[in-house]
1. Kindly list the residues of segment 48-75 that lie in the label zone of Glu89, defined by a backbone N under 20 Å from the point 7 Å along the Cα-to-C-beta vector.
2. Just to check I understand the Karplus step: with θ = phi - 60° and J = 6.51 cos²θ - 1.76 cosθ + 1.60, what whole-Hz values come out for segment 76-81, glycine and proline as x?
3. Measuring from centroid to centroid over Cα atoms, what is the spacing of segment 30-56 and segment 69-115 in Å?
4. How far apart, in nm, are the 7 Å Cα→Cβ label points at Lys108 and Thr26?
5. Using each residue's phi in segment 131-144, evaluate 6.51 cos²θ - 1.76 cosθ + 1.60 at θ = phi - 60° and report the 3J(HN,Hα) Karplus result to the nearest Hz, with x for Gly and Pro.
6. Which trypsin sites (Lys or Arg not before Pro) in segment 108-208 pass both tests, a DSSP loop state and at most 14 other beta-carbon atoms within 10 Å?
7. Students often forget the sequence filter, so: which lysines lie under 25 Å Cα-Cα from Lys53 once same-chain residues fewer than 8 apart are removed?
8. Sorting Asp202, Asp134, Asp109 on the 10 Å Cβ count, fewest up front, what's the list?
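What follows is calculated from the coordinates using simple rules that are stated; it is not laboratory data. No experiment lies behind these values; they were computed from the predicted model shown. Using ideal geometry, Cβ is built from the backbone for each residue, glycine included, and neighbour counts are taken over all protein chains shown.
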Amino acid sequence: MIGQNADYQITVTNTGDKPLTQVVITDCAPRATSIVTANGAKISGNQAVWRMKQLNPGEKVSFSLTLTTCIPGCYTNRVTLNNCQGCVEKAEVSTRWKGRPALTMCVKDTKDPICIGEPTTYCIEVQNQGSEPDDNVVVVVRFPPEVVPESISSDVAGTISGQIVTFEPYNHFYPRQKLNYRVNARAKASGDARIHAEVSSDSIKTPIIQQESTIVN
């Protein structure tokens with residue numbers, strides 16, 4: 001996940017029968033990442049360099065590196081080895097850094113106040129402001145006795161059961177995408193009607209709840 005650390009291990013082995021001298025191991029971290037730690041290395045920006053005077057035949061040495069990033073994406077970490085004997089070796093590994101979905105919701109009525117028998121519409125907008133898609137996005141709208149839901153006109157199909165409107169789950173809700181839900185309702189009794197809209201998803205186990213007040217005269 002973005003914001004967390006990823007640990008890498010670089011292993012260098014002399015598989016030949018002669019010593020290698022002035023061994024230089026250079027790790028070039030991706031631009032979108034930053035180096036948290038690189039024990040024993042000289043760090044300059046996004047580059048970590050280890051130096052060894054000699055690596056004997058059959059000898060194996062490991063180096064550790066830790067990277068982090070706040071930008072989601074797939075980034076490749078590349079390592080190059082050089083020495084006085086002219087040997088050049090390269091290795092690389094890619095890491096997929098995942099972001100998080102972040103849903104927001106707002107609800108408002110189109111007419112307020114209203115009189116008994118008059119209609120109004122409740123508009124609910126849900127947006128994914130995060131950096132990853134979300135699934136199983138469900139919106140539920142609960143109506144008080146003063147207002148009765150009558151019909152639905154929205155991006156997602158739904159059903160009305162008494163005073164509760166439930167919309168079907170929406171999958172693959174991508175970053176920056178918006179969903180609009182509309183419930184047409186009619187005033188039934190006087191009072192301060194408080195309509196509750198809630199959204200839940202795979203990433204939101206405790207629903208986000210928003211309230212809209214409509215005065216019925």
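1. Answer for this model: 48-66.
2. 9, 9, 10, 10, 10, 10
3. Between the Cα centre of segment 30-56 and that of segment 69-115, the gap is 22 Å.
4. If labels sit at Lys108 and Thr26, their model points lie 5.6 nm apart.
5. Those phi angles translate into 10, 9, x, 10, 10, 6, 7, 10, 10, 10, 10, 10, 9, x Hz.
6. Lys111, Arg176, Lys205
7. Excluding near neighbours in sequence, the set is Lys18, Lys42, Lys90.
8. Taking fewest neighbouring Cβ atoms as first place, the list is Asp202, Asp109, Asp134.
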